[in-house]
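All remarks here apply to the structure that follows.
The values are calculated or read from the model by the stated rules, or taken from the named source; none is laboratory data. What you see is a predicted model, and the numbers here were worked out from it, not measured in a lab. Quick reminder, even Gly has a Cβ in these numbers, built from the backbone with ideal geometry, and neighbours come from all protein chains shown.
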Amino acid sequence: MRRQSGRLIELQLLVGAAFMFVVIFVAQMAGDQGLGHALLVTHWPVETRSARLLVTQTIERYANAPGTSRAEALRQASLAVMQANAEAAGKPLFSYAHPVFWAPYALMGDGGR
């Protein structure tokens, strides 16, 4: 794909900003209903399979352990991703231990319970 210098970047920034406003609005509505004030965001684009693993692990750990904070659930999920492998046909291809797979995630807002 050939990129046109500033136009594609401007479009990506616009779409990204619009998406963040939608996510913040939805999170605020959830918070107003007592569902919490926190967002799980990334600092850069992420690989799909490791992202699915980290997000589902975070949610499961938070939901299944009443004393676990959101921040602790994310920490535990990140450690689980570090120990996992990408697989194809049941054979390991590479490890998710590299920070590119788990480091881009940040919890914004209330990291508590």
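Per-structure values
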quantity: Residue in the range 98-105 that is more than 26 Å from H37 (Cα to Cα), in a strand (DSSP E or B) and not hydrophobic (A, V, I, L, M, F, W, C) present; calculated: no
quantity: Residues within the range 86-113 that are closer than 21 Å to P45 by Cα and at pLDDT below 90, tallied; calculated: 10
quantity: First in the range 49-70 and within 10 Å of V81 (Cα to Cα), second anywhere and of a type in the set (D, E, K, R), Cβ under 6 Å, 6 or more apart; calculated: none
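Residues are listed down the side, and each one gets a yes or a no for (1) hydrophobic (A, V, I, L, M, F, W, C); (2) not in a helix (DSSP H, G or I):
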| site | (1), (2) |
| --- | --- |
| W44 | yes, yes |
| S50 | no, no |
| G67 | no, yes |
| R75 | no, no |
